[in-house]
Each structure stands twice: as structure tokens, then as C-alpha cells.
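The values are calculated or read from the model by the stated rules, or taken from the named source; none is laboratory data. Please read all numbers here as calculations on a predicted model, not as lab measurements. Neighbour counts run over all protein chains shown; Cβ positions are idealised from the backbone, glycine included. Please note that ligands, DNA and RNA were not included when accessible areas were found on the heavy atoms of the full protein model with its side chains. Shrake-Rupley method; radii C 1.70, N 1.55, O 1.52, S 1.80 Å.
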Amino acid sequence: MEAKEEHPLTLKVMRLCNPSFHPSKSVATFLDETALEVAQSHIPVNSSLILPMAIGKVYLGETFSCFANISNHTPSEVMLSNVKVEIHSTQTVSKLYDLPEKMSLGIGESHNFIVKHQLFDVGNHVLFVNITYTVPPLTVEKSFRRSFKFFVENPLQTYFQMVVVDRKVFVESQIHNTTQGPFILESVNFKPTNYYNISVTSIEVPPVDPSTLQPNQLLFDDSIINANDRVNRIHILDLPQSVMNGSELGALSVKWKNSDGLSGTIDYPKLFFKDPNIEEVIVVPVSPPSQVIQAQPFEIELSVQNRGKSRAIVRVHYAFDQMINIFPVDISGISLPGIPPQSSYNIKVTMVAVKTGFQKIKGIRLVNHFNNVTYHADDLTTVFVLPFSEKNLQQQ
């Protein structure tokens, strides 16, 4: 079995976080279970303060900080060629440190540095430290790598609900403290996109009298959530004049602090506007005739518009039971070519009126086979039906 290679450099890494108060002395444990002396020379620790015994809990949104020490424990000079520090998550790879230039470490000398990184991903993380060096007068580079694993938890699980009332969007967020200790919500802000305006920043549930609300009024300051407790917040946005389902609404941002003195900011995934009362596929008449003649077929051009964010596969059907006095001549179930998002396709429909006077064109159904949703196109337009006569035929 090949013997493990010994290196002239020693790497010590410790997570930096607030010490806790304790009346007696204690010994801290480094990530790689090394001694405390290096940290004591850089951090004011006395008999009343305890450095963390282990890496401890790591939470989403916090800035993860580590102190690193590379020391030469041999009786000869070592040339430090490069030091690279990275954090790997299940989603990303982040580069935290790169040695600016080569440096010499004499007997007993060391190189210290601090790395910081805001944590945006939940799950397993690994801190990698890669060290490259030479031992003069030799010029052959040697290297070794150390890894330190930790798990990032989401301390504040959040659930969302959206309601549209009177041209306003009510976004309710329920924030659940899933940890074993209390958390302080320093701020809970909903950041809308450019299409939406915040009319009320946040309401604590149960809300105060709505008649007393002022624009951009913040109705709470700090809020403490105990372990496994939940709090609700409501944000009210003004609905723009033109809006489509699937448009980006905005995102919630929560700034938190816990009893250990840790703090962080969680930016939750973006929310998208969805109102069941807004139809994604509509039909609009294009220059409809103002008058037609009874019992004489006439053409009307219709624009089928896809206002959604997905391709629409539309088939046109006729609801004859909903039609009164004006009926289509064409067969039902006409298939249209696929309509891309924010696009339209024009069709011409032949119809005939059976009764004179003002009559409504209605009863058209659009079935989007992409999502199996049927859209009702009623009361498209109104036309005046002239009596059937030679005079009207000649004028037409």
C-alpha cells in the first residue's frame, strides 16, 4: 500500500461567527479538529466567551465566513505558489480566494486569510482549499487539497397565495420558522417588477382597519417567530391597465436574524401573475360590417390572439345553443396553425342572419389543445340586419 505523502504545510480552517457568553473557559473545535491557538491570536477570546464548538447550523441567506491559516511546520523555507478556495453546492461553484502572488513562508511562518460567501442554495455544500507549493531549491510543484462539508438549511419556509380584487393583487405569504430557536424578521419586502406598483408595503395578519392604510405604509417593525411558529404578511399591488397571465409579478425578500447573532437575507423565487378571470386566448373582430342583409351570407374577419406565455394550439367551435338570430355557415371545429405567445392569427367566418334589427354575434368557443382550456367568445359585436329586398340587395 502506498504511503500517504507528508506535506510541509499545515492547513487550519475555522468558521467565523459570534461567540457565546459562558462563565468558564472552553476549547473550540476547528473544522479539521486542529488547535485554538491560531484563532486566539486574531480573535479577542477570554474566559467569558466561547468560540463555536463545531461548524454548527448554517442557514440560507447568511454570509458564511471562514478563517484559514497555512503554516510552515518544517525547518526549511517553503514557497507558496498558489492557494485557491471554492465552495461547491448542488447548483453552483463559487470562487472565493486566489493567492495574489507567490510568497515565501519561512520557518514557523504562516499565511492567514478570511473568505466570505453569501449562501443562496439549500443542501450539501463543500468548501475546497487547494494549495500548491515548492520546496527550494527544488522547482517541482506539489499540491494537496482539503475539503470541509456542511449542510445549508432553509430556516424560513414560505408559502404564497394570490387573490385579485378590484384591480388590486393581494399577495399573502406565510412564513414558517422550521428551526429549533426564535428568529427575528427585520424586514419582509415584496419587490415588484416594473409593471406593478406597491400600494401597501406589508400588512401583519390580522390587519388593522383598512380605511387607515396609507400608500407604502409599513405596518410592523420587528417580528419574532418562535420555533415552529408561523406568521402571515399581505402585500397589495396595483394591477396595471394591461396585464397577461404568466407575467412576472415580483419576489419576496426576507431579512432575518437569529438568537446566535447570525443574520441573512433570503430572496425567494419569483412569483408569476395568474388570474382565472383573464383569458389567455381571445378573439377580436377586425373591421366588422355595420349592417348586413337578412338571409344573405356575409363574412366577418376575426383575430385570434394569444396573450399567454406558451404556444396556443387553437380549434374554433360554435355553440349553436348560445347563438340567437345569427348563425355560422362554416362547419364547427376549424383547426388553426399554432399561435406563438403574444401573436395572433386571423380567420374569416361566413355567417347568416335570420332576423332583422340589431343582432349580436356570439357563441364562439376557442379550445386551446395545448392546455385543454376552453375560452368563451360571447358578444363579439353587434350588426344591424336589413330586411331581405331587391332594393337592399342592390344597395349592398
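Looking across the stretch 56-77, the residues that are buried (at least 20 other Cβ atoms within 10 Å of the Cβ) and at negative phi come down to 59, 60, 62, 64, 66, 68, 69, 70, 72.
Could you grab me the full set of residues in the stretch 338-366 that are without any contact (Cβ under 8 Å) to a residue 40 or more places away in the chain and more than 32 Å from the chain's Cα centre (by Cα)? The answer is 357, 358, 359, 360.
For the stretch 277-288, the criterion of being loosely packed, with under 14 Cβ neighbours inside 10 Å and more than 36 Å from the chain's Cα centre (by Cα) is satisfied by at least one residue.
Does residue 318 satisfy being open to solvent by less than 60 Å² (accessible area, probe 1.4 Å) and aromatic (Phe, Trp, Tyr)? Yes, satisfied.
Mind listing whichever residues of the stretch 250-282 are within 30 Å of residue 373 (Cβ to Cβ), modelled with pLDDT under 85 and not basic (Lys, Arg)? Those that are within 30 Å of residue 373 (Cβ to Cβ), modelled with pLDDT under 85 and not basic (Lys, Arg): 272, 273, 275, 276, 277, 278, 279, 280, 281, 282. Please enumerate the residues belonging to the stretch 129-154 that are within 21 Å of residue 62 (Cβ to Cβ) and over 28 Å from the mean Cα position of the chain (by Cα). Selection gives 129, 147, 148. Residues that are hydroxyl-bearing (Ser, Thr, Tyr) and surrounded by 14 or more Cβ atoms within 10 Å (Cβ to Cβ) within the stretch 148-177 comprise 158, 173, listed in sequence order. Contact map, the stretch 127-142: residues that are outside any strand (DSSP E or B) paired with residues that are among the hydroxyl-bearing types (Ser, Thr, Tyr) and open to solvent by 40 Å² or more (accessible area, probe 1.4 Å), Cβ distance under 9 Å, separation 6+ or inter-chain. Pairs shown: 135/76; 136/76; 136/104. Residues in the stretch 303-315 that are open to solvent by less than 10 Å² (accessible area, probe 1.4 Å) and out of contact with any strand residue (DSSP E or B) (no Cβ under 6 Å at 6 or more places or on another chain): 308 alone.
Only residues that are of a type in the set (Val, Ile, Thr) and either in contact with a strand residue (DSSP E or B) (Cβ under 6 Å, 6 or more places away or on another chain) or within 30 Å of residue 80 (Cα to Cα) (or both): list them for the stretch 140-191, please.
Listed by number, the residues that qualify are 140, 152, 158, 163, 169, 171, 175, 178, 184, 188.
Among the residues of the stretch 190-203, write down those that are modelled with pLDDT of 85 or more and open to solvent by 60 Å² or more (accessible area, probe 1.4 Å).
Passing the criteria: only 191.
Taking the stretch 287-396 and the strands (runs of 3 or more DSSP E) fully enclosed by it, the elements with 1 or more residues that are touching a helix residue (DSSP H, G or I) at 6+ places or on another chain (Cβ under 8 Å), farther than 30 Å from residue 247 by Cα and modelled with pLDDT of 85 or more are at 291-293, 326-328, 381-386. Applying the condition of being polar (S, T, N, Q) and assigned to a loop (DSSP other than H, G, I, E, B) to the stretch 91-112 and asking which residue is modelled with the highest pLDDT yields 92. Among the residues of the stretch 163-180, those identified as within 15 Å of residue 192 (Cβ to Cβ) and modelled with pLDDT under 85 are 164, 167, 168, 169.
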